[in-house]
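Quick note: the coordinates plus some simple rules give every number you see, no bench work behind them. Bear in mind that the values here come from a model prediction, so they are computed numbers and not experimental data. Here the Cβ positions follow ideal geometry from the backbone for every residue, glycine too, while neighbour counts run over all protein chains shown.
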Amino acid sequence: MSITTMLSGRAAQTPAAPATDIALDLRGVQKTYDTPGRPEVEAIRHLDFQIRRGELVCVVGPSGAGKTTLLRSIAGLLDVTAGEVVLDGKAVTGPPEGMAVVFQEYGRSLFPWMTVRQNIELPLKEKGIPKAERQEKIDRALKEVSLTEAAEQHPWQLSGGMQQRVAIARAIAFEPSVLLMDEPFAAVDAQTRAELEDLVRSLWKHLGVTVLFVTHDIDEAVYLGERVIVLSNRPTVLMEDVKVDLPAERDQLTTRSDRRFGELRGHVYELIQRAKRGDRPDAPQPEGAGF
Amino acid sequence: MTTLLKRAFMLLGLPIILVAAWWFASAGSTSPFWPPLSTILEAFPTTWTMDRIVGDVFPSLARLGIGFALAVLVGIVAGTAIGLSPTLRALAEPVLEFFRAVPPPVLVPIIALFAGYTGWLGKIVTIALGCLWPILLNTVEGVRGLEPVLGDTAKSYQLSRWRRLLFVVLPGASPRIFTGARQALSIGVILMVISELFGANRGLGAAIVQFQRSFAIPQMWTGIILLGLIGVLLAAIFKVVENRMLAWYVGQRQIERGV
């Protein structure tokens, strides 16, 4: 969406699609790793997509599709080579305000010298929230992820699934405008994983947070997402933006045996297989890149 | 109860055997340099009177304390700065390697030239300089070795510089800092004594040298025993502090190892 349509959208006061509806906007994002003394690696060739406020979007791609590069670029932890990432109308140049990231390595993203409560509290302190309100937010977040009784424990005293729930609690207590999740359940067992997926769905539904969920698991992407963005192999372009027209009310048993779920899953699976073979839509050439 | 007894035995078993061996081996000794342990122990209370403890032991320990504290302070501040900045690291590394390779006792006469032979300053500087390197180098490694995901987490939550330093970088480096401080403490005790050997009239090391020069051999031995006891006491205090501050680290390690 360009500046002009944003402005005209606001000026015309169209309630159907106001410009502020877009939480996250990727405009021609390109990333080339240029380490001195090494050959250049083009990780992302061209990515354009938008995420509306309150949407839950999954990103899948074959392994090595630059999913992590993409996520780190969106999180402002990595500079893009061309194009821009726009969060809430502001271009991302460093870690932006209003974004929280849940990393795959739950055991290494929590501060082991702090209790669960202190882990959640630290970003809130930074925000300058008064103590009483902080405690209230922490308690609420812990309740959301059913970890109230673990508040005074240290992360390493908890199981893997519980640790990842702490990381999620920390993220939602922060009340981000966009929640980024980088293969958050790749390292937990299957049962825990199913529980955590349902947790993400229910948090998303009643907190109204915008979620961008990166995963390599096709089933997980279709089960969780309202949309599934399928990436090509490296250098990454968009394969297809798949709309998931499953009912909003989902559960592990019925949704996964739904005929439509099977169809979508099959479709995404096929896209990934094609991507792996190197089949890719023609990408628009990035401007200014010397070919 | 049995485990308590067992632990007490493990702790005291070897010292008791060694003391007993010394006692019996030296019992009939007539050599003036190798007096019987019984004679040394008899000399202990008359040698280390309150007057001597206040006049010799306390000043030595105070100098050790000040020198060690200075080294901890400077070591952590400089080590954190060097660890965080690649530029600073590239600049400082060759110099650090050079100073680390110089044995600290060699510096005693040089420092004494500038800071005086008899005063406190030269001795404190000697102790601080000797203690500095292990703390500094370990802090650099600790800061550099911080888990990258923790750094990303701190950045993505937009933690300010000093909050990142105080709540992320320093606690993350603290296990290494303690390793350095433990090494520094034993170096400090050695330098506390050595700094007094060259020129001092009061102090634990100075007292031992005086006893030796005046052929008060049993008294000299009591001084050495006292030094050993002080070393044990300092190590114990250090352990208590470490166990308190690194409780998270010990716990995490135990769980990782599946103990």
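Observations, loosely collected:
- Cβ-Cβ distance of residue B:30 and residue B:93, R₀ of 51 Å, FRET efficiency by 1/(1 + (r/R0)^6): the value works out to about 0.35.
- Per residue of chain B, the DSSP helices (runs of n ≥ 4 H) give a summed -39500 (n - 2.57) that works out to -27000 deg cm²/dmol at 222 nm.
- Compared with the dominant Cα axis of chain A, that is its longest principal axis, helix A:116-126 is turned about 60°.
- Pair residue B:202, residue A:77: separation of 7 Å Cα→Cβ label points (nm): 5.8
- Coupling constants for the stretch B:235-251 follow from the phi torsions by the Karplus curve (6.51 cos²θ - 1.76 cosθ + 1.60, θ = phi - 60°), and in residue order they are 4, 5, 4, 4, 4, 4, 4, 4, 4, 6, 7, 10, 4, 4, 5, 4, x Hz; glycine and proline get x.
- Cα centre as origin, Lys/Arg/Asp/Glu Cβ charges: chain B dipole, Debye: 580
- Among B:30, A:115, B:153, B:49, the order by Cβ neighbours within 10 angstrom, fewest to most, reads B:30, B:49, A:115, B:153.
- Taking a straight Cα-Cα cut-off under 17 Å and skipping sequence neighbours fewer than 8 places away in the same chain, the lysines within cross-link reach of residue A:31 are A:67.
- Alpha-carbon Rg/Rh ratio, for the protein assembly as shown, with Rh computed the Kirkwood way: 1.14
- Just checking the listed ones, A:281, A:155, A:36: in the Gaussian network model of chain A with Cα springs under 10 Å, the one fluctuating most is A:36.
- Angle between chain A longest axis and helix A:160-173 axis [Cα atoms, degrees, rounded to 10]: 80
- Reducing the stretch A:94-156 and the stretch B:152-169 to their Cα centroids gives an inter-centroid distance of 14 Å.
- Average beta carbon contacts from partner chains per residue of A:113-122, 10 Å cutoff: 3
- Helix B:58-84 axis, angle to chain B major axis (alpha carbon atoms, nearest 10°): 20
- Rounded to the nearest 20 debye, dipole of chain A from Cβ charges on Lys, Arg, Asp, Glu: 160
- Neighbouring partner chain Cβ atoms per residue of B:157-165, average, 10 Å criterion: 4
- Cα shape, chain B, gyration tensor, a/c 1.5 rule: oblate
- When the Gaussian network model of chain A links Cα atoms closer than 10 Å, the mean-square fluctuations of A:240, A:105, A:126 top out at A:126.
- Counting only lysines at least 8 places from residue A:137 when in the same chain, those with an alpha carbon closer than 19 Å to its own are A:125, A:127, A:205.
- Peptide A:198-206 shows a mean partner chain C-beta count of 0 within 10 Å per residue C-beta.
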